[in-house]
Amino acid sequence: MTEKPKVATASLAGCFGCHMTLLDIDDRILSLIDLIDFDKSPIDDIKELGDCTVGLIEGGVSNSENLETLREFRRKCTILVSMGDCATSGGIPAMRNTVPLKECLEEAYLNGPSVVDGVIPNDPDLPSILDRVYPCHEVVKIDYHLPGCPPSADSIWAVLNFLLSGEENLELPYELIKYD
Amino acid sequence: MKEEITITIDGVEIKTKTGEFILRAALNAGIYIPHLCFHPDLPPHGSCRVCTVKVNGRHMASCTTPAEDGMVITSDDAELLDLRKAVIEMLFVEGNHFCMFCEMSGKCELQAVAYRLGILVPRYPNLFPQREVDASHPDVMLDHNRCILCGRCVRASDEKDGKHVFELMERGAKTRLGVDAENNLGETNLSIDDKALDVCPVGALLIKDTAYRIPIGERQYDKTPVGSQHKGNK
Ligand code: SF4
Ligand code: SF4
């Protein structure tokens, strides 16, 4: 038996909505399992990323850990896909980009109405937060973009099938290109 | 007197009158040329350049170029498609467009043109500018994050409402939409039935308490591309 292509997924600065939608392909997930093996992914809990055909990235790049993960995915995946608005544009987390980082941290940890004895977290074990949230393609080369918040299960399914088919040009039908 | 003339758009001959703007002539003949700052009820502005076509080989804004007999016009080719996409992508990155919660999503013309042209992501880096939301008016919200400076509201307020509520201020990258008041929109004589509110192509001018009434899937452009009442292509 020839080995099946491997697909890995990661959630950076996202809400897991895109991953939930990946599961929303319903019983098509059974055909997917016939076509591919999942590598590292929040849905299977494999910890080490191996060499993969396709990497699906949910979320933008908000901290140093996101950055490391994204770079590792870029190294190990032949085809890297931005899945969802946070990956393609920064999305909701990028709303902080219009506010200076210092102000964001002060509002969240010092001045917010529910804060008691606040302190801005500074533990060396915590990833450090970046000056702003970056769409993935502003950090590494991204091969395909699938906008949507989340993208519909049909569009994720269409993209996966296309990528596994080895065809050249992805043209999503009108109904599958959405930014909301 | 206006004479009947013939122009050719993408190989299709259409009849129009001397002096008619190319974009209007095309739309009247059922041919769609993508556009944004143009609105059929308002004088043309020629500012967004989305409607750029090639007239006898030269790039021209079709909304402000008068038709002349025998003109040969190209609207649908790979170069123009790419230029139009570039313009739309610039509009996205120079504002803050969070479509996922925007009240206008699904019926926004900027988004609809982007969908129609097949834009998945802008080629330019996002600028994330600091812009204000002006909610001072009792009935209207003005969200500068989404304003694409098309000037439609300016023209509608001037020409249709007989007011001068809006104006485009400063120039170049600093251009912004100003209101005719010391501080904010609440101090102007804008009223809820002004044409100016009707013509905004994006979610920059919104009537309060009217959002999210139509379910996803049933909104204007969810299934039907903008301009699909016309023949033409991209
Ligand atoms: S105005 Fe249009 S493009 Fe901008 S956020 Fe709203 S729906 Fe999206
Ligand atoms: S508020 Fe709307 S109509 Fe007015 S300039 Fe901005 S985008 Fe155009």
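The values are calculated or read from the model by the stated rules, or taken from the named source; none is laboratory data. Computed from a prediction, not measured in an experiment: that's the story for all the values here. Quick reminder, even Gly has a Cβ in these numbers, built from the backbone with ideal geometry, and neighbours come from all protein chains shown.
Is one or more of the residues making up region B:115-138 part of a helix (DSSP H, G or I), of a type in the set (Val, Ile, Thr) and not assigned by TED's automatic domain parsing to the domain that holds B:Val50?
Pass one, region B:115-138, residues part of a helix (DSSP H, G or I): B:115-117.
With the extra rule that they be of a type in the set (Val, Ile, Thr), the set shrinks to none.
Among the residues of region B:115-138, not one is part of a helix (DSSP H, G or I), of a type in the set (Val, Ile, Thr) and not assigned by TED's automatic domain parsing to the domain that holds B:Val50, which makes the answer no.
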Given the conditions (1) free of Cβ contacts under 8 Å to residues at least 24 places away in the same chain; (2) among the basic types (Lys, Arg); (3) within 16 Å of ligand 2 (Cβ to nearest atom), report the number of the one that B:Lys208 does not fulfil. (1)
Check region B:174-181 and report whether any residue there is modelled with pLDDT under 95 and surrounded by fewer than 21 Cβ atoms within 10 Å (Cβ to Cβ). yes
Specify which of the listed residues (B:Met100, B:Met60) is aliphatic (A, V, I, L, M), farther than 25 Å from B:Gln130 by Cβ and without any contact (Cβ under 8 Å) to a residue 40 or more places away in the chain. B:Met60
Of all residues in region A:119-163, which are touching a residue at least 12 places away in the same chain (Cβ under 8 Å) and either among the β-branched types (Val, Ile, Thr) or touching a Cys at 6+ places or on another chain (Cβ under 7 Å) (or both)? A:Ile120, A:Ile129, A:Val133, A:Val139, A:Val140, A:Ile142, A:Pro150, A:Pro151, A:Ile156, A:Val159
Going residue by residue through region A:107-118, is there one that turns out to be surrounded by 11 or more Cβ atoms within 10 Å (Cβ to Cβ), without any contact (Cβ under 8 Å) to a residue 12 or more places away in the chain and either within 14 Å of chain B (Cβ to nearest Cβ) or of a type in the set (Phe, Trp, Tyr) (or both)? no
Within region B:57-64, identify whether any single residue is within 16 Å of ligand 2 (Cβ to nearest atom) and in the same structural domain as B:Gly11 (by TED's automatic domain parsing), and answer yes or no. yes
For A:Cys104, all conditions in the list (1) within 12 Å of chain B (Cβ to nearest Cβ); (2) more than 16 Å from B:Tyr124 (Cα to Cα) hold save one; what is the number of the exception? (1)
Only one residue in B:Thr224, B:Thr188 is more than 30 Å from A:Ser152 (Cβ to Cβ), more than 10 Å from ligand 2 (Cβ to nearest atom), surrounded by 13 or more Cβ atoms within 10 Å (Cβ to Cβ) and among the hydroxyl-bearing types (Ser, Thr, Tyr). Which one? B:Thr188
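Can you pull out every residue in region B:188-204 that is in contact (Cβ under 8 Å) with a residue 12 or more places away in the chain and away from ligand 1 (no atom under 16 Å from the Cβ)?
The first filter runs over region B:188-204 and keeps only residues in contact (Cβ under 8 Å) with a residue 12 or more places away in the chain, leaving B:188-192, B:194-204.
B:Thr188, B:Asn189, B:Leu190, B:Ser191, B:Ile192, B:Asp194, B:Lys195, B:Ala196 - these are the residues of region B:188-204 that are in contact (Cβ under 8 Å) with a residue 12 or more places away in the chain and away from ligand 1 (no atom under 16 Å from the Cβ).
Determine whether B:Arg131 is touching a His at 6+ places or on another chain (Cβ under 8 Å), modelled with pLDDT of 95 or more and surrounded by 21 or more Cβ atoms within 10 Å (Cβ to Cβ).
Details: touching a His at 6+ places or on another chain (Cβ under 8 Å): yes; modelled with pLDDT of 95 or more: yes; surrounded by 21 or more Cβ atoms within 10 Å (Cβ to Cβ): no.
So B:Arg131 does not fit the description; no.
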Whichever residue in region B:46-103 is basic (Lys, Arg) and part of a helix (DSSP H, G or I) and, among such residues, is farthest from A:Pro150 (Cα to Cα): B:Arg84
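Yes/no per residue for (1) within 15 Å of ligand 1 (Cβ to nearest atom); (2) among the charged types (D, E, K, R):
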residue	(1), (2)
B:Ala135	no, no
B:Cys147	yes, no
B:Gly186	no, no
B:Lys223	no, yes
B:His230	no, no
Please find, within region A:74-98, the residue that is nearest to the other protein chains (Cβ to nearest Cβ) out of those that are buried (at least 21 other Cβ atoms within 10 Å of the Cβ) and hydroxyl-bearing (Ser, Thr, Tyr). A:Thr88
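In region B:77-103, how many residues are more than 10 Å from chain A (Cβ to nearest Cβ), in contact with a Gly (Cβ under 9 Å, 6 or more places away or on another chain) and buried (at least 17 other Cβ atoms within 10 Å of the Cβ)?
The first filter runs over region B:77-103 and keeps only residues more than 10 Å from chain A (Cβ to nearest Cβ), leaving B:77-91, B:94-95, B:103.
Filter once more, keeping what is in contact with a Gly (Cβ under 9 Å, 6 or more places away or on another chain): B:81, B:85, B:103.
Now restrict to residues that are buried (at least 17 other Cβ atoms within 10 Å of the Cβ): B:85, B:103.
Residues flagged as more than 10 Å from chain A (Cβ to nearest Cβ), in contact with a Gly (Cβ under 9 Å, 6 or more places away or on another chain) and buried (at least 17 other Cβ atoms within 10 Å of the Cβ) within region B:77-103 amount to 2.
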